[in-house]
1. In degrees between 0 and 90, to the nearest 10, how far off the longest principal axis of the chain does helix 37-47 point, with axes built from Cα atoms?
2. How large is the charge dipole for region 48-144, taken about the Cα centre, if only the Cβ atoms of Lys, Arg (+1) and Asp, Glu (-1) carry charge, to the nearest 20 debye?
3. Give the angle, between 0 and 90 degrees and rounded to the nearest 10, that separates the Cα long axis of helix 102-115 from the longest principal axis of the Cα atoms of the chain.
4. In terms of Cα to Cα distance under 15 Å, which aspartates and glutamates are near enough to Lys15, apart from those fewer than 8 places away along the same chain?
5. For the chain, report the accessible area per residue in Å² (1.4 Å probe, heavy atoms, rounded to an integer).
6. Ignoring ligands, DNA and RNA, what percent of the 1.4 Å accessible area of the chain is carbon and sulfur?
7. Using the Cα gyration tensor of region 1-63, with a ≥ b ≥ c the square roots of its eigenvalues, what is the shape: rounded (a/c below 1.5), prolate (a/b larger than b/c) or oblate (neither)?
8. Classify the chain as rounded, prolate or oblate, taking a ≥ b ≥ c as the square roots of the eigenvalues of its Cα gyration tensor: rounded when a/c is under 1.5, otherwise prolate if a/b is larger than b/c and oblate if not.
Amino acid sequence: MLPTLNLPSFEPRIKQDAGGRLHVFDEQRRRFVTLTAEEWVRQHFVHFLIATQGYPAALIANEVTLDISGVKRRCDTVVYSPLDGHPMIIVEYKAPSVAITQDVFAQVQSYNSVLHADYLIVSNGMRHFCCRNDYVAMTAEFLREIPLWEQINPKK
């Protein structure tokens, strides 16, 4: 049984393989992927960004490969700017049973050392944290809510 999350529900496409493993269709990657607890959170969160917050699906990518000091890592989700393709948001997911700790923020910050995104989001499907980076003032401000696309869209 997959957990109920603190995100709007939706009906993802799920199939079972011959070995009994579940797979969910990832619209961003356009393929079925293994359905883990973390993947369950990712699918719901991306759906939330698109359906509730108004983010354009075409600007969202899942499992983005990075090179951090010679080590290949993967960002869970990146939202890109419609103006220049620069990463605007990095999202890191954890399973609902995993607590959001300083280590999780350190992980997303390590990705941001390469991408220099304006927003960092961490979610385990139950709790969600978002901070806005100000590279001029060299500060980070935690926001009360995940911003709507219309609030951060650079094309306004």
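1. Taking the Cα atoms of the chain, the angle to 37-47 is about 60 degrees.
2. Dipole about the Cα centre, nearest 20: 240 debye.
3. That works out to roughly 70 degrees.
4. Asp26, Glu27, Glu39
5. Details: 8680 Å² over 156 residues.
That works out to 56 Å² per residue.
6. C and S atoms contribute 52 percent here.
7. Oblate.
8. prolate
The values are calculated or read from the model by the stated rules, or taken from the named source; none is laboratory data. From a predicted model like this one, the values you see are computed outputs, not experimental measurements. Neighbour counts run over all protein chains shown; Cβ positions are idealised from the backbone, glycine included. Heavy atoms of the whole protein, side chains included, go into the accessibility calculation; ligands, DNA and RNA do not. Shrake-Rupley method; radii C 1.70, N 1.55, O 1.52, S 1.80 Å.
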